[in-house]
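Note sheet for the following structure.
The values are calculated or read from the model by the stated rules, or taken from the named source; none is laboratory data. The structure displayed is predicted, hence computed values, not measured ones. Neighbour counts run over all protein chains shown; Cβ positions are idealised from the backbone, glycine included. Heavy atoms of the whole protein, side chains included, go into the accessibility calculation; ligands, DNA and RNA do not. Shrake-Rupley method; radii C 1.70, N 1.55, O 1.52, S 1.80 Å.
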Amino acid sequence: MNAPSLPSVARPVAAAPAVAATPVATGFGGTLSEGVAKLDINGKSYELPLLVGTENERAVDISKLRAMTGVVTLDEGYVNTGSTTSAITFLDGEKGILRYRGYPIEVLAEKCDFVEVSYLLIYGKLPTSDELNSFGKMLSHHTMIHEDMRSFYGGFPRDAHPMATLGSVVGALSTFYQDSLDVRDPRQVEVSVHRLLAKLPTIAAYSHKKSIGQPLIYPRNDLSYCENFLQMMFAVPCEEYHIDPDFADALDMLLIVHADHEQNCSTSTVRMVGSSDANLFASISAGICALWGPLHGGANQASVEMLEKIVADGGNVKKYVDLAKKKDSGFRLMGFGHRVYKNYDPRARLIKATCDKLLAKIARHDPIFDIAQQLEEVALADEYFIERKLYPNVDFYSGVIYRAMGIPVQMFPVLFAMGRLPGWIAHWIEMHHSPSQKICRPRQIYTGERLRDFEPISKRV
Ligand code: CMC
């Protein structure tokens, strides 16, 4: 095949670079030293290196801090902690910029399809037409899952959440594809990459078919990535299914804008699990579980459910904006706010524009799109949201498009996982190639009991 092969993930000896001359992890990929930061602990002064990345992000390198000073840093939720250097995605939350391998997502969404963007993320460069062709062929070649895996679906309860099914079946890939589990064999890693990208739409569509009691539809390798997914989701054996090209295009755009987002919760999970040398299938399965939560990828489901509730409640958006401001209400505007973006999420902008176009083109009116826009308008004019710089995020409008396609709400996080897959893979590979890679193992500050005497059970009260 013509796609460049992935390099070995064998650990580097001393300072030798782990990555051979391959396109993976291209770009500057490093940090420059930019002087020192001074730290005073109980009157003793220490100097720590100050680093700067290619886009002038600055960091204090604390990797030797404990050895030098005996103290560690504490940063719950990693609000101020850079867990790694990375050459994959640049995100400027203040300016609302998102780039994969240096290319703005707006450009990629307009000019590429998801398979091409996947290649870019994983191999570090845009493919030539031969490379794209053979990469695409690999993804078509591996679309079927092992026939015995289909019987798994019979064992899951019919009302299981499809994210639970997805995570389980992806984890189970390691039981069926034992010939591609060696994380140090570049060929095996590459086969796992192809298998994952090719099979995830099949696994995802089967989760849906199972939940509605319809037969599982085999993939069709003559279709594009998104067309194939739509036909596996919606076709039935007894009649022909017409794939709407507008839906396939909109889905392609959605997968592209979800494809990577640097060190988010699920990607950090994939890196953390992978850092123990767990195989790629196991690491991605863990990432799917992390993504499911409503504060992360599950927010697209939570957001549409919230909008549906507001519509059913008469459409009074002000009431819900006010509720979200009350800390004791336990209610937040789902699809709003972000750890990194303190400006409009560029993904939300692209998605909203596609909602507008798609609904107009298919002449569909969706009351939740109206409510979403009203909610955005009221929230963005409200002092609470302005002060905290809370804007719609990627999950606010995506559900409107999924609904228009007829995708049920529980499948929304599954679609997020399909989009995020190449990003997870790219980070897993990059992590393995880092010369300074170590198992991820944070420290803690213990706040429990000091040493105490053991009480026999007869004496305990
Ligand atoms: N509605 C109301 N208030 C909010 C919201 C919201 N959606 N998001 C944040 N706030 C408030 C929060 O109460 C806090 O106020 P205060 O300073 O008075 O305590 C302030 O804004 C900062 O919030 P935070 O929780 O400290 O911020 P964080 O960076 O820890 O959390 C977040 C980020 C995305 C988890 C959060 O904004 C949230 O819960 N949003 C709703 C869920 C959501 O849409 N998640 C999808 C995120 S984007 C896609 C992805 O990455 O998966």
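The set of residues in the stretch 330-351 being within 12 Å of the ligand (Cβ to nearest atom), under 18 Å from ASP260 (Cα atoms), open to solvent by 40 Å² or more (accessible area, probe 1.4 Å) and of a type outside the set (Val, Ile, Thr) consists of HIS338, ARG339.
Yes or no, residue by residue, for (1) aromatic (Phe, Trp, Tyr); (2) in a loop (DSSP other than H, G, I, E, B); (3) closer than 30 Å to ASP356 by Cα:
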{"position": "LEU230", "(1), (2), (3)": "no, no, yes"}
{"position": "VAL257", "(1), (2), (3)": "no, no, yes"}
{"position": "GLN263", "(1), (2), (3)": "no, yes, no"}
{"position": "SER266", "(1), (2), (3)": "no, no, yes"}
{"position": "ASP277", "(1), (2), (3)": "no, yes, no"}
{"position": "ALA282", "(1), (2), (3)": "no, no, no"}
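Pairs meeting the criteria (first residue in the stretch 203-219 and closer than 18 Å to LEU139 by Cα, second residue open to solvent by 40 Å² or more (accessible area, probe 1.4 Å), beta carbons under 7 Å, at least 6 apart or on different chains) are TYR218/MET144; PRO219/MET144.
Among the residues making up the stretch 203-220, those that are more than 16 Å from ASP148 (Cα to Cα) and either part of a helix (DSSP H, G or I) or open to solvent by less than 10 Å² (accessible area, probe 1.4 Å) (or both) are ALA204, ALA205, HIS208, LYS209, SER211, ILE212.
Here ILE407, ILE425 are screened, and the one residue that is β-branched (Val, Ile, Thr), in a loop (DSSP other than H, G, I, E, B) and surrounded by 17 or more Cβ atoms within 10 Å (Cβ to Cβ) is ILE407.
The single condition among (1) free of Cβ contacts under 8 Å to residues at least 60 places away in the same chain; (2) within 16 Å of the ligand (Cβ to nearest atom); (3) within 24 Å of the chain's Cα centre (by Cα); (4) open to solvent by 30 Å² or more (accessible area, probe 1.4 Å) that PRO392 does not meet is (4). The set of residues in the stretch 306-328 that are over 16 Å from GLN374 (Cα atoms) and either touching a residue at least 12 places away in the same chain (Cβ under 8 Å) or buried (at least 22 other Cβ atoms within 10 Å of the Cβ) (or both) contains only LYS325.
Of everything in the stretch 252-275, what is open to solvent by 10 Å² or more (accessible area, probe 1.4 Å) and of a type in the set (D, E, K, R)? Give them in sequence order. Within the stretch 252-275, ASP252, GLU262, ARG271 qualify.
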